[in-house]
Amino acid sequence: MGYSLRCLLVFAVLTFSAYGAPGPLSAQEGCRISVDTILAAGNDAVVDPQLKRHIAELQSMLRYTSYRLLSSQSLTLSAGKAGMVILPGDRRLKITFKKIHGSRADMALRMTKQERTVFETQIQLLNRGSLFIGGPTYQNGNLIFKITCVD
């Protein structure tokens, strides 16, 4: 199977940003969602300075030595709305912001390649929380996506 779930290294870690403890989200305001695309590889020891605060956490779960930030994209979505981010390798990630309850935001993620769904899941993020999702192989490593929701 070309690109399949078998190729996906799926892991999730909930982390808190430097902004502090989670607070309630406002349904009227929606959610600003950022998607950082990271290339993790084992061919050298280069660590992107923008990723330094996450390296210990990533290295505790993965055996890569190199982490490069390829892109950062942001969307502001209200409940029930969807947005799209472009990913390397002719992939797209559709994020549907479902609802807010308390300090949590429910979202649906759907990754496609050439209009074929290759990954689909539901996630729940705390306000100011991040989720790392392991992705497909790319160039000399694997893609990792850091998804963050900030009110």
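The values are calculated or read from the model by the stated rules, or taken from the named source; none is laboratory data. These numbers come from a predicted model, not from an experiment. Every residue, glycine among them, receives a Cβ derived from its backbone with ideal geometry; neighbour counts consider all protein chains shown. Protein only, heavy atoms only, side chains kept; ligands, DNA and RNA dropped before computing areas. Shrake-Rupley method; radii C 1.70, N 1.55, O 1.52, S 1.80 Å.
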Original post:
Filtering the range 53-76 down to residues that are more than 13 Å from F145 (Cβ to Cβ) and among the polar types (S, T, N, Q), which residue is least open to solvent (accessible area, probe 1.4 Å)?
Top reply: S66
**OP:** Just need a number here: residues in the range 82-91 that are touching a residue at least 12 places away in the same chain (Cβ under 8 Å) and exposed (fewer than 15 other Cβ atoms within 10 Å of the Cβ).
**Re:** 5
Subject >> Candidates A105, A79, filtered to the one that is in a loop (DSSP other than H, G, I, E, B) and surrounded by 15 or more Cβ atoms within 10 Å (Cβ to Cβ) >> reply: A79
Original post:
In this structure, is M84 of a type in the set (A, V, I, L, M) and within 18 Å of V150 (Cα to Cα)?
Top reply: yes
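Each row is one residue, and each column tells you yes or no for (1) farther than 18 Å from R128 by Cβ; (2) at pLDDT 90 or above; (3) under 13 Å from the mean Cα position of the chain (by Cα).
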position	(1), (2), (3)
E57	no, no, no
L70	yes, yes, yes
L75	no, yes, yes
G80	yes, yes, no
I86	yes, yes, yes
G89	yes, yes, no
L93	yes, yes, yes
S103	no, no, no
A108	yes, yes, yes
Original post:
Pick from the range 120-144 the residues that are without any contact (Cβ under 8 Å) to a residue 60 or more places away in the chain and touching a Lys or Arg at 6+ places or on another chain (Cβ under 6 Å): which of them is most open to solvent (accessible area, probe 1.4 Å)?
Top reply: E120
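Give me a count of the residues in the range 109-119 that are surrounded by fewer than 16 Cβ atoms within 10 Å (Cβ to Cβ) and in contact (Cβ under 8 Å) with a residue 24 or more places away in the chain.
Of the residues in that region, 1 qualify.
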**OP:** Kindly check whether there is at least one residue in the range 56-68 that is of a type outside the set (S, T, Y), more than 25 Å from I100 (Cβ to Cβ), touching a Leu at 6+ places or on another chain (Cβ under 7 Å) and in a strand (DSSP E or B).
**Re:** yes
